[in-house]
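Shown next, in structure tokens, is the structure this report addresses.
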Amino acid sequence: MKNFMEEALKEAQKALKEDEVPIGAVVVKNGKIISRGQNCREKSQNALKHAEIVAIGKACRKLKSWRLEECELYVTLEPCPMCAGAIANARIKKLVFGCQEKTSGENLCEQILKSNRLNHHTEIEFDQTYEEEISAMLSNFFQTKRKR
């Protein structure tokens with residue numbers, strides 16, 4: 001079986017090469033990647049172009065449905081509230097993220113996805129396999145930005 005977090009990490013590395021915040025995502029259905037996404041807010045000048053949103057949009061187009069109930073999303077960083085809302089609205093079955101968001105000690109993503117207000121709940125898994133690599137990539141990116 002393919003290591004899907006490794007594939008999300010490859011997307012993050014592509015974003016880094018484009019001088020974007022290095023976050024990557026892949027959507028998987030039946031054990032196969034059906035879409036990929038990376039942050040591209042700077043290139044697109046669009047605040048909505050987070051890796052998760054890009055990957056979800058591509059998956060919806062590929063499946064010709066906004067319902068991704070049989071899909072899993074692998075993303076390098078714990079999703080922000082906007083992306084958590086998109087995950088819930090797309091009815092994604094499972095979210096796997098590789099690094100916790102250091103600036104949010106409130107578990108906002110989990111609060112959104114587990115909210116009793118929703119009629120769909122997404123399974124959440126924290127896969128720590130590449131956590132150090134992802135964390136270092138993000139930290140180095142922002143340190144470089146601050147030095148400029």
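The values are calculated or read from the model by the stated rules, or taken from the named source; none is laboratory data. On a predicted model such as this, the values are computed, not experimentally measured, just so you know. Cβ placement follows ideal geometry from the backbone for every residue including glycine, while neighbour counts extend to all protein chains displayed. Each accessible area value is taken on the protein alone, full model and side chains, heavy atoms only, with ligands, DNA and RNA left out. Shrake-Rupley method; radii C 1.70, N 1.55, O 1.52, S 1.80 Å.
Based on what the data block shows, is Ile34 touching a helix residue (DSSP H, G or I) at 6+ places or on another chain (Cβ under 8 Å), open to solvent by less than 60 Å² (accessible area, probe 1.4 Å) and either of a type in the set (Phe, Trp, Tyr) or over 22 Å from Glu101 (Cβ atoms) (or both)?
yes
Among the residues of the range 52-105, count how many are of a type outside the set (S, T, N, Q) and part of a loop (DSSP other than H, G, I, E, B). First the steps, then the outcome.
Of all residues in the range 52-105, those of a type outside the set (S, T, N, Q) come to 52-64, 66-75, 77-88, 90-99, 101-102, 105.
Now restrict to residues that are part of a loop (DSSP other than H, G, I, E, B): 64, 66-70, 77-80, 90-93, 98-99, 101-102, 105.
Total satisfying the criteria: 19.
Please enumerate the residues belonging to the range 88-111 that are within 15 Å of the chain's Cα centre (by Cα), open to solvent by 80 Å² or more (accessible area, probe 1.4 Å) and either over 23 Å from Glu11 (Cβ atoms) or not basic (Lys, Arg) (or both).
Selection gives Asn89, Gln100, Glu110.
Mind listing whichever residues of the range 9-32 are of a type in the set (Val, Ile, Thr) and part of a loop (DSSP other than H, G, I, E, B)? Working first, answer last.
So the first thing to find is which residues in the range 9-32 are of a type in the set (Val, Ile, Thr), and the list is 21, 23, 26-28.
Within the range 9-32, Val21, Ile23 meet the criteria.
Would you tally the residues in the range 112-135 being in a helix (DSSP H, G or I) and either of a type in the set (Val, Ile, Thr) or surrounded by 12 or more Cβ atoms within 10 Å (Cβ to Cβ) (or both)? Break it down stepwise before answering.
Within the range 112-135, the first condition is being in a helix (DSSP H, G or I), and the residues that meet it are 112-113, 131-135.
Keeping just the survivors that are either of a type in the set (Val, Ile, Thr) or surrounded by 12 or more Cβ atoms within 10 Å (Cβ to Cβ) (or both) gives 112-113, 131, 133-135.
Residues that pass the stated criteria total 6.
Enumerate the pairs (first residue in the range 26-52 and farther than 26 Å from Glu70 by Cβ; second residue anywhere and among the polar types (S, T, N, Q)) with beta-carbon separation below 9 Å, excluding pairs fewer than 6 apart on the same chain, so at least 6 apart or on different chains.
Close Cβ pairs satisfying both conditions: Cys40/Asn46.
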